[in-house]
């Protein structure tokens, strides 16, 4: 097998397993942001603060401050708080949309590599996971899978060659 093709195929395998881990992290981030959105929506909906302007009581005097806009200080502050929550809601929604777009992009990238790896045996999948997903050395893999080191090197070459052949048949 050509050394350049071997190197490129190994690079694709490393990126494939790295992308799978990224997908997991992105899904967690989306989930966390969606929880925050629900909290913000709850805060907006349940911030119905009413101010009773007609309190009657003995000895209670209110000092009224007039403003050119006709709104009280309390009303203006409540409006500012709700506007701040709405801006935060918009920012979180934008982040979620960006993450979902990135997620689709990554899933599209790894889709045909998934098909390629699904065709392999469970032992081969385990080998690839150890080598390219967990980034173990051949020595570590040979110990974990109880095989000779030379057999592990040969298996790596066979698997990379099989994946490269499958990639070439898809491209044609």
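At-a-glance table
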read-out	value
Index of the failed condition, residue 118 passing every other in (1) loosely packed, with under 11 Cβ neighbours inside 10 Å; (2) under 23 Å from the mean Cα position of the chain (by Cα)	(2)
Test: residue in the stretch 56-78 that is in contact with a helix residue (DSSP H, G or I) (Cβ under 6 Å, 6 or more places away or on another chain), at pLDDT 60 or above and either more than 30 Å from residue 93 (Cα to Cα) or not in a loop (DSSP other than H, G, I, E, B) (or both)	no
Scope the stretch 127-165; condition closer than 17 Å to residue 3 by Cα and either in contact (Cβ under 8 Å) with a residue 40 or more places away in the chain or in contact with a helix residue (DSSP H, G or I) (Cβ under 9 Å, 6 or more places away or on another chain) (or both); matching residues	153, 155, 156, 157, 158, 159, 160, 161, 162, 163, 164
Filter result (in contact with a helix residue (DSSP H, G or I) (Cβ under 8 Å, 6 or more places away or on another chain) and over 10 Å from residue 30 (Cβ atoms)) within the stretch 89-101	89, 92, 93
From 104, 108, 135, residue being surrounded by fewer than 12 Cβ atoms within 10 Å (Cβ to Cβ), at positive phi and under 27 Å from the mean Cα position of the chain (by Cα)	135
Answer from 10, 4 - the residue that is within 30 Å of residue 129 (Cα to Cα) and either touching a helix residue (DSSP H, G or I) at 6+ places or on another chain (Cβ under 7 Å) or modelled with pLDDT under 85 (or both)	10
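The values are calculated or read from the model by the stated rules, or taken from the named source; none is laboratory data. All values reported here derive from a predicted model rather than from experimental measurement. All Cβ positions, glycine included, derive from the backbone under ideal geometry; neighbour counts span all protein chains shown.
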